[in-house]
Amino acid sequence: ADDEEVTRQVLTEQIAMVGYEVVAQACDGNEAVEMALALKPEVGILDINMPVRDGLDAAREIMERAPMALIVLTGLYDLELIERANELGVFAYIVKPANAETLRATIEVALRRFEELQATRKEALDLKEALATRKQVERAKGVLMQRLGLSEADAFRRLQRESNNQSRPLKEIAEAILIAEGLIRPPNDPA
């Protein structure tokens with residue numbers, strides 16, 4: 001996205017020269033956001049100074065709604081703009097004019113960093129879900145131990161067996177037990 005058609009054409013040619021395909025061009029920040037949301041490209045290159053909506057504001061919305069490896073390309077070397085770009089999660093900041101090799105290197109680094117970020121986010125989400133499941137299983141074991149007089153090991157085996165018998169995840173079995181416990185517990189029981 002760049003408001004200057006000549007710059008867009010030069011960038012498109014340079015990007016094609018280094019083996020990447022340009023799927024869309026935008027002349028302002030609003031158009032860049034619309035295209036990013038519709039096409040979901042792997043990389044976005046945004047000029048900062050554009051009419052209607054600047055590139056950093058567009059970058060903010062893109063990163064919130066359709067994260068990708070974003071690169072800022074601008075004619076300004078400005079520490080304040082660099083800091084804003086960093087805060088938005090932009091992966092690179094290039095000062096114009098950029099040659100094809102600079103673009104290639106920047107795109108490749110931005111793509112790898114984005115992939116690493118996505119992997120880290122997925123890992124954190126998986127860990128959060130595993131912890132939530134573990135907490136539910138522990139609570140369900142406690143219910144079984146109290147209601148049926150089972151040892152902790154026996155309560156866990158019972159949960160596992162039920163999970164296998166029903167071909168349902170352990171988390172779902174634990175949730176069902178906790179729901180049932182809530183339904184049969186007397187209203188004034190604080191447990």
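The values are calculated or read from the model by the stated rules, or taken from the named source; none is laboratory data. The structure displayed is predicted, hence computed values, not measured ones. Note that we place each Cβ from the backbone using ideal geometry, even for glycine, and neighbour counts take in every protein chain shown. The area values use the complete protein model at the heavy-atom level, side chains included, leaving out ligands, DNA and RNA. Shrake-Rupley method; radii C 1.70, N 1.55, O 1.52, S 1.80 Å.
Taking the convex hull of the Cα atoms, report for the range 1-114 its projected area averaged over all directions, in nm². Don't skip to the answer; put the middle values down first.
Numbers: hull surface 23.9 nm².
Over every viewing direction, the Cα hull of the range 1-114 projects on average to 6.0 nm².
Could you name the aspartates and glutamates in cross-link range of Lys141, using Cα to Cα under 14 Å and dropping any fewer than eight places away on the same chain?
Filter leaves Glu152, Asp154, Glu162, Glu172, Glu175, Glu181.
Which order, highest average first, do 114-127, 136-149 follow once you tally other Cβ atoms within 10 Å for each residue and take the mean per peptide?
Result, highest mean Cβ count within 10 Å first: 136-149, 114-127.
Compute the angle between helix 152-166 and the longest alpha-carbon principal axis of the chain, please, reported from 0 to 90 degrees and rounded to the nearest 10.
70 degrees
Keeping the other protein chains in place, figure out the carbon and sulfur percent of the accessible area of the range 69-119, with a 1.4 Å probe.
Values: 1490 of 2790 Å².
Roughly 53 percent, rounded to a whole number.
At 1.4 Å probe radius, can you tell me the per residue accessible area of the chain in Å²?
Accessible surface, normalised per residue, equals 61 Å².
Under a no-solvent Debye model with one identical scatterer per Cα of the range 51-184, what's log10 I(q)/I(0) at q = 0.12, 0.14, 0.16 Å⁻¹?
-0.64, -0.71, -0.82
List the pair-distance distribution P(r) of the range 104-172, using every Cα-Cα distance, as the percent of pairs falling in each 5 Å bin from 0 up to the bin containing the longest distance, rounded to whole percents.
That works out to 3, 16, 15, 16, 11, 8, 8, 6, 6, 5, 4, 2, 1, 0, in percent per bin.
For the range 21-27, in order, what is each residue's ³J(HN,Hα) by Karplus, 6.51 cos²θ - 1.76 cosθ + 1.60 with θ = phi - 60°, in whole Hz (x at glycine and Pro)?
Taking θ as phi minus 60°, the curve returns 10, 8, 8, 6, 10, 10, 9 Hz for the range 21-27.
Please give every one of the aspartates and glutamates within straight-line cross-link reach of Lys122, meaning a C-alpha to C-alpha distance under 20 Å, and leave out same-chain neighbours fewer than 8 residues apart.
Partners within reach: Glu42, Glu64.
Can you run phi through the Karplus equation (6.51, -1.76, 1.60; θ = phi - 60°) for the range 53-64 and list ³J(HN,Hα) in whole Hz, with x for Gly and Pro?
8, 6, x, 6, 5, 5, 4, 4, 5, 4, 5, 6
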